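These notes are about the structure you will find just below.
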Amino acid sequence: MFDPFIAPSGTLLGLLQRGRGDGTLHALAAPRPEALAALNHCVLSDPRHDWQVENRSLYYARLYLDLDGGIEEIERHLGDSDDHLDTEESRTGLALAVLGHLASYGRDDALALLRRYAATGSNWAWALDELALRDDDAGLRSLAVPVLARFGTDAEGSAELATAVRDAFEPRPWRLWADDPREAVGARVRAASEQGSFDRWQRQMRPGGPRPGWSVQAVFDWAQQGLDRGSELHVPAARCLSAVAGPEDRPEIVEAARSGPEGARCAALHYLAEAQDPVVLDLIEAAAVSSSRTVADAAVAAFERMCGDAAVDRARCWARRPDALGASAAGVLAGRGGAQDASLVLGALREAVRGDGPDALRLWTLVDGTGRLGIACAAPVLRHVYRETSSSQLRGRAARALAATDPSFATGFAVECLWDCEETTREVAARHAETGDIRVAERLRRLAADPAEEAEVQTAVRSRIGPDASAV
């Protein structure tokens, strides 16, 4: 999937793509056709950089309800001929998840569309998972024949069916179908389920990788073989070394970390870092400037796994380095440093935004660190990250950091966060938003009564409006 185009943060489309609470508020104030066009664009062209961790479906479903929007555009998208050409889950997953939430709110048109797509669409498994959570038994049973028709009755089709049953995220439909008295349904699903269980047992009985009795050199060879195949096994190889290496093997491991082949060097660095060996910090510093990108990246990753005081002390020396090890050191100080490290963390935060923009991966730990250390003068940078980042996860971290550093958060961003797409951000808002704002009072009541809202958010809401809290 290509990186999506994200509109400027000051536009309605840009706000909705980011999942910001202001997106909902602006959409409700905008002309309805314009708001629905922007909403449909987001749902049909997933704006998330990482669709597996960022939430948008409930956010968009709620806006469909608030706008009294139809699902005709979603239906056209799912029924397009591209559905059988581009079968990536990212093309239809968001639309199906939105339909699932709409169905849970009682939208029968959404439920019916999910049923039709589960019977005919390429991403049928996702639709079936949505239905497993919302549909009744009769509706699910009606899908048994069309779903099973996707799989041939030959050996290849039976194997594919067994894999589908084994890997199903929601097993409820398959369990219902296994009880079907029809031979072509119940018996077939039961056989597929048994085959899937047998396949899993076979894999467990034939594990790959190291065996008891391996030598240190054998572990190094295994790590190198994995690297040659394009699979990085540094961390599991380091764990194997912990099982097979003794004190007498330390010189061999240290030498491998200093100048061994790539696979052995990376595994040795991780092993010595886990063991907090005194020599490893110098070895990491040397490896970080290696001509091998694999070794340099492994050195930085090994350093980040260290948790002792020695690693924090060395991070103070490395934090100003203009390379990956310097960035990693600043992240270590953000996570484990003390008040004396505030200036280094703030400097790294500013440099990350200035050099790599508001979506830089290293911002995650730095933003958390500014909140943990309570760096009040970081608030302007945090506000910039909050407004501009296209990552709803990073925006939520910025909101938590602002709650700890910015006195204006309760009357500012916390208010819009009550409509945010991420439940963790809504939870922060529920705990901090100033209840003197009439919008806050109404929103808290609505979240408390919404059955689709996460339990953690509702707990935070009740802490503000419960019998022991001040009235909202």
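The values are calculated or read from the model by the stated rules, or taken from the named source; none is laboratory data. Keep in mind that what you see is a predicted model, and the values were worked out from it rather than measured. Here Cβ is always computed from backbone atoms with ideal geometry, including for glycine, and neighbour counts include all displayed protein chains. SASA here: full protein model, heavy atoms, side chains in, ligands and nucleic acids out. Shrake-Rupley method; radii C 1.70, N 1.55, O 1.52, S 1.80 Å.
Please report the accessible area of Val312 (heavy atoms, 1.4 Å probe, ligands and nucleic acids excluded) in Å², nearest 10.
Counting only protein heavy atoms, Val312 exposes about 10 Å² to solvent.
Heavy atoms only, probe 1.4 Å: what % of the accessible area of the chain goes to carbon and sulfur, would you let me know?
Details: 11410 of 21940 Å².
Carbon plus sulfur share of accessible area: 52 percent.
Ordered by residue, what ³J(HN,Hα) values in Hz, to whole numbers, does segment 93-103 give under the Karplus form 6.51 cos²θ - 1.76 cosθ + 1.60, where θ = phi - 60° and Gly and Pro are x?
Once θ is set to phi - 60°, the couplings for segment 93-103 become x, 5, 4, 5, 5, 4, 4, x, 5, 4, 4 Hz.
Looking at segment 1-69, which chymotrypsin sites (Phe, Trp or Tyr not before Pro) are in a loop (DSSP not H, G, I, E or B) and have at most 11 other Cβ atoms within 10 Å?
Values: sites: Phe2, Phe5, Trp51, Tyr59, Tyr60, Tyr64; in loops: Phe2, Phe5, Trp51.
The qualifying sites are Phe2, Phe5.
Scan around Thr11 for amide H atoms under 5 Å from its own, H built in the peptide plane at 1.01 Å from N, and keep only partners 5 or more places away or cross-chain.
none
Set the Förster radius R0 to 45 Å, insert the Cβ-Cβ distance between Arg182 and Cys307 as r into 1/(1 + (r/R0)^6), and round the FRET efficiency to 0.05. Can you show the working numbers first?
Working: r = 58 Å, r/R0 = 1.29.
The pair Arg182/Cys307 has a calculated efficiency of 0.20.
Per-residue ellipticity at 222 nm for the chain, helices alone: DSSP H runs ≥ 4 residues times -39500 (n - 2.57), over residue total, nearest 500 deg cm²/dmol? Working shown, then result.
Numbers: 29 runs with 314 residues, N = 472.
Counting only the DSSP helices, I get -20000 deg cm²/dmol.
Residue separation times 0.36 nm, minus the C-alpha to C-alpha distance between His41 and Leu65: what's the value? The partial results should precede the final answer.
Values: separation 24, 0.36 × 24 = 8.64 nm, distance 1.63 nm.
Residue separation times 0.36 nm, minus the Cα-Cα distance, leaves 7.0 nm.
Answer rounded, prolate or oblate for segment 348-472, using the Cα gyration tensor with square roots of eigenvalues a ≥ b ≥ c: rounded when a/c is under 1.5, else prolate when a/b is larger than b/c, else oblate.
Cα axes put segment 348-472 in the prolate bin.
What whole-number value in Å² describes the accessible area per residue of the chain for a 1.4 Å probe? Could the numbers behind the result be given before it?
Details: 21940 Å² over 472 residues.
On a per-residue basis, 46 Å².
Below 8 Å between Cα atoms, with a sequence gap of 6+, how large is the relative contact order for the chain in percent?
Values: 639 pairs, mean separation 51.1, N = 472.
After rounding, I find 11 percent.
Which order do Trp419, Trp318, Trp214 take when ranked by solvent-accessible area (1.4 Å probe, heavy atoms of all protein chains), largest first? If you can, show how the numbers build up before the last one.
Numbers: Trp419 30, Trp318 10, Trp214 70 Å².
The ordering from most to least exposed comes out as Trp214, Trp419, Trp318.
For Cys377 and Arg321 in the same chain, what is the full-extension length gain: residue separation times 0.36 nm, less their Cα-Cα distance, in nm?
On the way: separation 56, 0.36 × 56 = 20.16 nm, distance 2.28 nm.
Contour length minus the Cα-Cα distance gives 17.9 nm.
Using the Karplus curve 6.51 cos²θ - 1.76 cosθ + 1.60 with θ = phi - 60°, what ³J(HN,Hα) values do you get for each residue of segment 108-113, in whole Hz, with x for Gly and Pro?
Once θ is set to phi - 60°, the couplings for segment 108-113 become 5, 5, 5, 4, 5, 5 Hz.
Going through segment 240-316, which trypsin sites (Lys or Arg not before Pro) have at most 16 other Cβ atoms within 10 Å and a DSSP loop state? Could you put the intermediate results ahead of the total?
Details: sites: Arg258, Arg265, Arg293, Arg305, Arg314, Arg316; in loops: Arg305.
Sparse-neighbourhood loop trypsin sites (Lys or Arg not before Pro): Arg305.
Multiplying the sequence separation of Thr163 and Ser142 by 0.36 nm and subtracting their Cα-Cα distance, what value in nm do you get?
Working: separation 21, 0.36 × 21 = 7.56 nm, distance 2.15 nm.
That works out to 5.4 nm of additional length.
Sticking with the crude label model, points 7 Å out along Cα→Cβ, report the distance from Glu442 to Arg258 in nm, one decimal please.
Reported label-point gap for Glu442 and Arg258 is 7.1 nm.
Order Ile6, Ile71 by their accessible area, 1.4 angstrom probe, all chains in place, largest first. Display every interim value, and only then the final one.
On the way: Ile6 35, Ile71 10 Å².
Largest accessible area first, the list is Ile6, Ile71.
If you take the charge dipole of the chain about its Cα centre, with +1 on Lys and Arg Cβ and -1 on Asp and Glu Cβ, which of Gly357, Tyr386, Cys317 is farthest toward its positive end?
Cys317
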